[in-house]
Amino acid sequence: MRELGYGGTVVEWRSNMRPTKRIAFYAGFLAFSLLFLVPASLAADKTKDCDMTFSLKGWSAIYKTAHGEGTITCSSGQTANVAIKITGGGLTFGKSEIFNGKGEISGVKSIDEIYGSYASGEAHAGVVKSGTAQVLTKGNVSIALSGTGSGVDVGIDFSKFTISKK
């Protein structure tokens, strides 16, 4: 605190954080905002075109990998069995399984537009019961994912979420 000339006081905040750590912190916050807040607001404006049910099983120790399968059903009547693969990394450790995942897909005219890779960023923590909730985008296509499962995991990671024909 320091005294002002007219009798008031000012509380000064001083950060013990080094400038490089402060820049890294703000860059991380910006990346988190862009990955989670912007896609979520874009997905909120779209109507659902397809539903996906899926299961995933994987592990992470700096490197993250998971494999699974799912079924996509569109309002147009198209359906497909799909394979799901996640690869990436970050400050992440654990092993988990999502066994009743659900996805809402919007922005597609044909089921073929869903196949491909999506950028994913996730903060997660779970002991015994694990869960996920995230929004993925690829061009006009958005997928809102949610699910519960089991395992032990904690961390922050950035990865590639790939959906392919089975």
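The values are calculated or read from the model by the stated rules, or taken from the named source; none is laboratory data. Everything numeric here is computed off the predicted structure, so don't read it as measured data. With ideal geometry, Cβ positions are generated from the backbone for all residues, glycine too; neighbour counts draw on all protein chains shown.
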Notebook entry, point to check: Of all residues in the stretch 79-102, which are surrounded by 15 or more Cβ atoms within 10 Å (Cβ to Cβ) and among the polar types (S, T, N, Q)?
Noted result: Thr87, Thr92, Ser96
Next item on the list: State which residue is nearest to the chain's Cα centre (by Cα) when the search covers only the stretch 112-150 and only residues that are of a type in the set (S, T, N, Q), within 17 Å of Lys48 (Cα to Cα) and part of a strand (DSSP E or B).
Entry: Gln134
Note to self: Every residue in the stretch 122-163 that is of a type in the set (Gly, Ala, Ser) and closer than 16 Å to Trp59 by Cα, please.
What the structure shows: Ala123, Ala125, Gly126, Ser130, Gly131, Gly149, Ser150, Gly151, Gly155, Ser159
Margin query: I'm checking my understanding of the structure. Among residues of the stretch 77-111 that are under 17 Å from Ser142 (Cβ atoms) and among the small types (Gly, Ala, Ser), which one is farthest from the chain's Cα centre (by Cα)?
Written below: Ser110
Item checked: Complete set of residues in the stretch 75-97 that are modelled with pLDDT under 95, in a strand (DSSP E or B) and over 13 Å from Thr65 (Cα atoms) -> Leu91
Checklist line | Failed condition for Lys64, given (1) within 17 Å of Ser164 (Cα to Cα); (2) assigned to a strand (DSSP E or B) | finding: (1)
Notebook entry, point to check: Restricting attention to the stretch 103-118, which residues are closer than 13 Å to Leu145 by Cα and surrounded by fewer than 20 Cβ atoms within 10 Å (Cβ to Cβ)?
Noted result: Glu104, Ser106
